[in-house]
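The numbers here are math on the coordinates, done by the rules we state, and not lab data. Since the model is a prediction, treat every value here as computed from it, not as a measurement. Neighbour counts are summed over all protein chains in view; Cβ atoms, including those assigned to glycine, are modelled from backbone coordinates with ideal geometry.
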Amino acid sequence: MKTVFSGIQPSGSVHLGNILGALVNWRRMQEKYKCYYCIVDLHSLTTFPDKDLLEKDKIDTIKSLIAVGIDPNESIIYFQSNLHHHAELSWILSNFCQIGELQRMTQYKDKSESFGTHAGLFTYPVLMAADILIHKADEVPVGDDQTQHLELTRDIAMRFNQKYEDIFPIPARNSTKTGARVMSLRHPESKMSKSSDDVAGTIYITDDDKEIIKKIKTSVTDSESKISFNKEEKPGLSNLIEILASITGKSIKETVKEVSGMQYGDFKMYVAENLITFMSPIRDKYLSLTDKKILEISDEGRDKATITADKTLLEVKNCLGI
Ligand code: TYM
């Protein structure tokens, strides 16, 4: 059976971009593969989170995974900092990565503008490579923004295999057809994001029906009145079309055909109604989960994840002679 690994940062509320770009795929993949889903709290330290907030966000992120349908009986869900293996393998792998490669990472360039050029942010992609390789993942379901990081992981794995022994599978990216890059409703030139201050442009897992309607109604479109899909010329409208296609499971073409005669106002209301149908069961499930239950799930996940991580780390150390 193939192995799947993916991670999510516990840095604020999970949003529609995370759900459509990654989590729906995580849910789908658990039926066929051995899946590891990790709450990457070590990565979150790169943005200096408040201690109490981080503790809460860690729990809430697991709640979100379960609310979307990730089943802890099928998938292994755990906190990254509970396994020392990630940080240890990251150090080893940093020897297989060039400074120039890390300098070219667009997320490093973006984030260092807000958080400074510290080494944690710089070596962030190496820790990501360690996350993926510690369980020898074959596939990694992620949104578009992680493509560059995954490419680097593949290069690191190939270099290790060539220099020592061929022990790592070369992981492939797995992405959703639509929704791999959900944009902000207010600034459709930027992606919907957890860490931005763009509350009005972001649909959070906790948003109630009224908030969803308000955010969709006030989303930025354009001054024309004809509905068509064109990301360059109509980024706002195209984003709404893509969101609609993604939640209904239809193609962009089918979706455009379905809504083409509508006025913008009616179209927005239609998107909001569909979004409420999609999000409200997720929100209800999220709100029903207790912190105690989540801690039980993460303890169990830690124990299961430790078994494979122990094996890989030992194998790597044997290859290296340490
Ligand atoms: P993070 O926490 O930013 O996001 C989690 C997942 O959600 C996807 N995503 C989006 N997809 C579509 N549209 C958006 N607007 C959007 N925003 C976020 C991300 O692509 C991601 O799949 N570095 C990673 C976490 C990580 C990881 C890993 C992922 C650490 N180690 C190993 C995969 C494998 C991150 O910050 O994701």
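Here are a few things to note about the model shown:
- The fewest-to-most ranking of Asp110, Asp197, Asp57 by surrounding Cβ atoms within 10 Å reads Asp197, Asp110, Asp57.
- Nearest-ten-degree value, helix 147-163 long axis tilted from longest Cα axis of the chain: 20
- Separation between Cα centres of segment 152-176 and segment 197-217, rounded to whole Å: 39
- Charge dipole magnitude, Cβ of K and R +1, D and E -1 - the chain, Cα centre, debye nearest 20: 480
- Relative exposure of Arg28, Arg181, judged by other C-beta atoms within 10 Å (fewest first): Arg28, Arg181
- Residues whose placed amide H lies under 5 Å from that of Met183, excluding near-sequence neighbours: Met192
- Mean separation of Cα contacts under 8 Å, 6 or more apart, over the residue count of segment 64-146: relative contact order %: 34
- Taking the fewest neighbouring Cβ atoms within 10 Å as the starting point, the ordered list for Val24, Val199 is Val199, Val24.
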